[in-house]
Structure formats: structure tokens, C-alpha cells
């Protein structure tokens, strides 16, 4: 039996968790504040666990493989068609199944598709990592930061989507322009056409059908306003039950996303502690309290900047606390900054960190200089267009 050895990211997560636990008994964070913070994230942790287990088993049931391969076949060897299909696929997965699903599970599927169809891997890889971030604005479940914001904006899922549809379209449109110009056009991808792959042979049609149906039912439940802390675990439980009968070898404790649970729990103990000792004052100075356009752009810029320095989750958690309750557009602009902005540094979001690990495993070379420069350009242009769309549709 192989012995587990923590990697660098695991050590960071465990260190943050340990630091958070120390804050409570030492009095740095009052027990009442800690209990309040943890009660807020309880349903979110249930959602994270459920959606990641659901998506992981859907991948094992070949749901993503079948869809990605079918898209490549529909493209008939034409890169413009494949580009539109792949960007749409990545955006839909991000919107309905969370950005981490796109980064962790869709990335290996796309890279495997690249090998089967003899397509350059980098354009497909960049499509998943950029859209994992920039397509995560439309629904509360698209990004953990959105779920956190729902406690403050007092909006239903449908109201949230009605307010964010224009910013979401703007961010996806700008992302597609940058993807095509810098990664997908003829001079970058290096080929005129590609060879459509053969259809995927489904190993177990029952596992495939149940997993696909569970994903669809989960999406329907979200649209019907079923609580995310219920919809995701129930959908995951259905798929786990079927795998227990027909694919028990795929069930293991590794499905449980303990890394995310540890990270998020530690985060929501450490950030409130730091806020009590000066972080709130710093964020107030950066963001201000203006509920108009100036305040919106300042919030977006501060969220994006802090995300690329630290990570988007602590950036959002720290900035959210200093925005006045009535400044809804300013809070939504902060969401834009922490969702669309984390495109420059590899650690700006968990999704990007996980994406880099997959690229390393599959031997995909990511030119860091180009990644930083194009990510900076997309972050600046994306924030400008997306915040403008938010304000114009207010």
C-alpha cells in the first residue's frame, strides 16, 4: 500500500487550517464569531462535496468524454467550428457544474481529445482554464464566491442570473476574442484542419445513462431554486449508489475533496481574524464606500489585484466585509474582480492551480511568459467590459 505524501498545496491548505484552529482558543477570534463564520459555510461545503463527487463519477462514466468527442466529430475537422463548440462546452460546464469541475475534470478530457484527434493541446487547455474563471458569473453555483455573496445580496438564483447575464456574456465574449487571437488562430495552432476522432465506446451504458441523468437533474434542481446544499449531495448519492452496484472499484475515499474542505474552513477562520487586526481598514481604503460606477470599478480592481497576489477566495472574503450592505452593484463588481480577474498568476484561483497540475501530469508545456502576458491583457479587458455591462444593465 502506497504511503500518502503531502504536496506543496496540501501543506499550504493544512497550514491554513491549523492557523485557523489556533485563532479560536487563543482568543484572536472570539468563539461566537468563529461559530457564525462556520455556520455560513456549512451548506457551501455540502455543495462542494456533492458537486465534485458527482462530476468525478460522471467523468468515470465517460459522460465528459462522449460529449467532447462528439463535439470534435460535429466540427468535421474545421477549427473555427471546434473553437465555438469547445468554448460553449467549457462555459456550460463552468456555469452549471462549478469552475473546479472545468479545471479538474474537463481539462484531462480535453487533453485526451487533443491526443486522439491530433490537435495542439495548448489551445484546448487554455480554453478550460480561462473559461473556468471567466464563465463563472451567471449562477450562484458557478463559483464558491458567488455562493458566499448570496448571503449578502439577498437574491434568488433566478434574480442573480437576471442581474448577471449581461456581465457573463461580456466576459465570455472577451475571453473568446483573446483565445482565438493568441491560441486558436492558424498561426498559433499550427494546422489548417484536424482529424475527427472515432466515437467513444461506452464501457457501461447504465453507469453512463444514470450519471448523465443525475447531472441534468442537478441542473434542473438549481433552476427550480432547490438549495444547493441539498441538490448536489442528493444527485451525488444517486450516482454513488449505482457505482456501488456496477462500478465499485471507482469508489474510494479519494473522491472526498478534503483539500477544499480544509482550505475553505481554514480560510473562514483566518480571514475574520485578520479583519479584526487591520485588514478591514486596508480593504476599505482600497475599495471605498461609493455605490456608483467609481466604487464598482475600484471593487473589481481591488478584488482582481488581491486575487493575483494571494488567491481569489481570501480576496473576496476580505473585501466583502467592508462593502456597505446597500451597495449591491459594488458587491457584484467585487465578484467580477475575483472571478474574471484571477488570470495572471498561477495561484490566483484554486481552479488555475489544479489546471497547472493537470498540464504537468499530461506533459503539456505552458509558456509562462505568454501565460502571464495574455492573462494580464484578458484580465484588464475582461474587467473593463464586464463591469461596464453590469453598470449599463443596472
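The values are calculated or read from the model by the stated rules, or taken from the named source; none is laboratory data. Worth saying up front: this structure is predicted, and the values here are computed from it rather than measured. Note that we place each Cβ from the backbone using ideal geometry, even for glycine, and neighbour counts take in every protein chain shown.
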Restricting attention to region 30-61, which residues are surrounded by 20 or more Cβ atoms within 10 Å (Cβ to Cβ) and not in a helix (DSSP H, G or I)?
61
Of all residues in region 241-274 being in a helix (DSSP H, G or I) and without any contact (Cβ under 8 Å) to a residue 12 or more places away in the chain, the one that is nearest to residue 313 (Cα to Cα):
258
Does at least one position in region 106-127 carry a residue that is part of a helix (DSSP H, G or I), more than 22 Å from the chain's Cα centre (by Cα), at pLDDT 85 or above and surrounded by 23 or more Cβ atoms within 10 Å (Cβ to Cβ)?
no
Of the conditions (1) farther than 16 Å from residue 107 by Cα; (2) surrounded by 18 or more Cβ atoms within 10 Å (Cβ to Cβ), residue 64 clears all except one; give me its number.
(1)
Would it be correct to say that residue 92 is closer than 23 Å to residue 313 by Cα, part of a helix (DSSP H, G or I) and out of contact with any helix residue (DSSP H, G or I) (no Cβ under 6 Å at 6 or more places or on another chain)?
yes
Of these, 387, 366, which one is buried (at least 16 other Cβ atoms within 10 Å of the Cβ), outside any helix (DSSP H, G or I) and more than 17 Å from the chain's Cα centre (by Cα)?
366
Considering only residues that are over 14 Å from the mean Cα position of the chain (by Cα) and outside any helix (DSSP H, G or I), look in region 135-173 and name the one that is modelled with the lowest pLDDT.
154
I need a count of the residues in region 115-139 that are without any contact (Cβ under 8 Å) to a residue 40 or more places away in the chain and under 14 Å from residue 89 (Cβ atoms).
1
Pull up region 360-380, narrow it to residues that are touching a helix residue (DSSP H, G or I) at 6+ places or on another chain (Cβ under 6 Å) and over 21 Å from residue 95 (Cα atoms), then point me to the one that is modelled with the highest pLDDT.
374
Could you please find all residues in region 204-230 being modelled with pLDDT of 90 or more and assigned to a loop (DSSP other than H, G, I, E, B)?
204
Do you know which residues across region 369-384 are farther than 22 Å from residue 189 by Cα and surrounded by fewer than 20 Cβ atoms within 10 Å (Cβ to Cβ)?
380, 381, 384
Tell me yes or no: at least one residue of region 74-81 is within 29 Å of residue 275 (Cβ to Cβ) and surrounded by 14 or more Cβ atoms within 10 Å (Cβ to Cβ).
no
Which residues, counting only those in region 213-232, are in contact (Cβ under 8 Å) with a residue 40 or more places away in the chain and crowded, with 17+ Cβ neighbours inside 10 Å?
214, 215, 218, 219, 222, 228, 229, 231, 232
With (1) part of a helix (DSSP H, G or I); (2) more than 21 Å from residue 295 (Cα to Cα); (3) touching a helix residue (DSSP H, G or I) at 6+ places or on another chain (Cβ under 9 Å) as the list, and residue 330 as the residue in question, which single condition is left unmet?
(2)
